[in-house]
Amino acid sequence: MEQFQFKKKYGQNFLKDDTIPSKIVSYSQIPEDTLVIEVGPGAGALTKQLAIASKEVLAYEIDTSLEEILVQNLMPYSNIKIIYDDFLTRDIKQDLENYQYKHLYVIANLPYYITTPILMKIIESGIIVDKIVIMVQKEVGERFCAKPKSRNYGSITVFLNYYFEMNQLFVVSRNCFVPKPNVDSVILSLTRKKELLPVNDFCLFSKIVRDSFQYKRKNLKNNLKGYDLSLIETVLSKFNYQLTTRAEELPLEVFVEISNILSK
Ligand code: SAM
């Protein structure tokens, strides 16, 4: 490992020892018969612990120069498969075809430069993930878990909230990594909701959410001026909001109702 050249472009900050990986795994509460997907095993610090705690691990690593280190570090574990490729370009559904499992978890210390694309990829790939436990930059974690009316609340918050129960588990100091990053991190858990709110047209829902937050300082009337504002107003007034309200005040169910009324 001493010889390894860390690549900034791949967001390579590796966990120094087993303390944080064990803590992540114990907080994840992995049930029996679980397949775990890991994005970015790095040198395998978390992968090892996942192999011990789960049925199988499927990991994706973009950096092929880690192969030798991973083969060596993960030698004792026969339930790990590593695909050396860019996670974002994979057909995950196809990768999972030959696996049999009862639960699917994603557990990873994510490469921070693509945190949101990775989450969107998981959501859009059509696979049913029971739980996602991820390490992200602390500020990003705060944004993902923000509540309405807070300055961190944004379209990604609403979107994640649609699918998942979001929780911040614990903070990880920058001192736990090599090389040491400039920011602290946080572990989040995203548990898939048992019942999703019915949405008539999902594309319209996500477009409305994005458009509502387009200009942060503007209110809904300005950000949604391309839509039927009188219909939107009907929904808003039902929940005691107005067209002059800003998107950051609206909870998920209001966005869902707005998109449903507009898709009729
Ligand atoms: N899991 C290791 C740990 O905790 O010590 C390493 C985590 S490091 C923050 C992120 C890892 O993701 C790196 O190994 C990096 O090479 C890998 N990575 C970056 N972009 C990737 C991508 N698009 N697909 C798969 N792996 C990627």
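Please report, as a whole percent, how much of the solvent-accessible surface of the chain comes from carbon and sulfur atoms (probe radius 1.4 Å). Walk me through the numbers before you get to the answer.
Details: 6330 of 13570 Å².
Reported share for carbon and sulfur atoms: 47 percent.
Pop the C-beta distance of Thr19 and Thr89 into the FRET formula with R0 = 30 Å and round what comes out to the nearest 0.05.
About 0.35, to the nearest 0.05.
Any idea what the dipole of the stretch 8-192 comes to, in debye rounded to 20, about its Cα centre with Lys/Arg Cβ at +1 and Asp/Glu Cβ at -1?
Value, rounded to 20: 780 debye.
I'd like the Kirkwood hydrodynamic radius of the chain, using the inverse of the mean 1/r over distinct C-alpha pairs, in Å.
For the chain, the Kirkwood estimate is 19.9 Å.
Which of the three applies to the stretch 1-111, rounded, prolate or oblate, going by the alpha-carbon gyration tensor with a ≥ b ≥ c and a/c under 1.5 meaning rounded?
Since a/c reaches 1.5 but b/c is at least a/b, the shape of the stretch 1-111 is classed as oblate.
Filter the chymotrypsin sites (Phe, Trp or Tyr not before Pro) in the stretch 88-185 down to the DSSP loop ones having no more than 13 other Cβ atoms within 10 Å, then list what survives.
Sites meeting the loop and neighbour criteria: Tyr99.
Expressed as an acute angle from 0 to 90° and rounded to the nearest 10, what is the orientation of the C-alpha long axis of helix 19-28 relative to the principal long axis of the chain?
With rounding to tens, the tilt is 50 degrees.
Strictly over 19 Å apart at the Cα level, which of Lys131/Lys193; Lys216/Lys238; Lys23/Lys131; Lys193/Lys264; Lys8/Lys180; Lys7/Lys121 would you flag in this model?
Details: Lys131/Lys193 10 Å; Lys216/Lys238 23 Å; Lys23/Lys131 16 Å; Lys193/Lys264 26 Å; Lys8/Lys180 11 Å; Lys7/Lys121 23 Å.
Distance filter (> 19 Å) returns Lys216/Lys238; Lys193/Lys264; Lys7/Lys121.
Per residue, how much accessible area does the chain have with a 1.4 Å probe, in Å²?
Values: 13570 Å² over 264 residues.
The answer is 51 Å² per residue.
Given the DSSP H assignment, sum -39500 (n - 2.57) over each helix run of at least 4 residues in the chain and divide by its residue total; what's the result at 222 nm in deg cm²/dmol, nearest 500?
Working: 11 runs with 92 residues, N = 264.
Rounded to the nearest 500, it is -9500 deg cm²/dmol.
Going by the alpha-carbon gyration tensor, a ≥ b ≥ c the square roots of its eigenvalues, is the stretch 63-128 rounded (a/c under 1.5) or, if a/c is not under 1.5, prolate (a/b greater than b/c) versus oblate?
Taking the square roots of the gyration eigenvalues as a ≥ b ≥ c, the stretch 63-128 is oblate.
With unit charges on the beta carbons (Lys and Arg positive, Asp and Glu negative) and the dipole taken about the Cα centre of the stretch 44-152, which residue among Gln100, Leu74, Met120 sits farthest to the positive side?
Selected residue: Met120.
Rounded, prolate or oblate: pick one for the stretch 68-193, where a ≥ b ≥ c are the square roots of the eigenvalues of its C-alpha gyration tensor, a/c under 1.5 means rounded, and failing that, prolate if a/b is larger than b/c, else oblate.
oblate
State which entries of Lys147/Lys221; Lys81/Lys207; Lys81/Lys147 exceed 29 angstrom in Cα-Cα distance in the structure shown.
Lys81/Lys207; Lys81/Lys147
Which whole-angstrom value gives the distance between the alpha carbon centres of the stretch 109-184 and the stretch 1-80?
19 Å
Taking 45 Å as R0, compute the FRET efficiency from the Cβ-Cβ separation of Gln5 and Arg210 and round it to 0.05.
0.70
Once the piece of chain linking Arg217 and Phe170 is laid out straight, how much longer is it, given 0.36 nm per residue of separation minus the C-alpha distance between them? Don't skip to the end; give the middle numbers.
On the way: separation 47, 0.36 × 47 = 16.92 nm, distance 3.16 nm.
Contour length minus the Cα-Cα distance gives 13.8 nm.
The values are calculated or read from the model by the stated rules, or taken from the named source; none is laboratory data. Model, not experiment: these values are computed from the prediction. Note: ideal-geometry Cβ built from the backbone for every residue, glycine included; neighbour counts use all protein chains shown. Just so you know, the surface numbers come from the protein's heavy atoms only, side chains and all, with ligands and any DNA or RNA stripped out. Shrake-Rupley method; radii C 1.70, N 1.55, O 1.52, S 1.80 Å.
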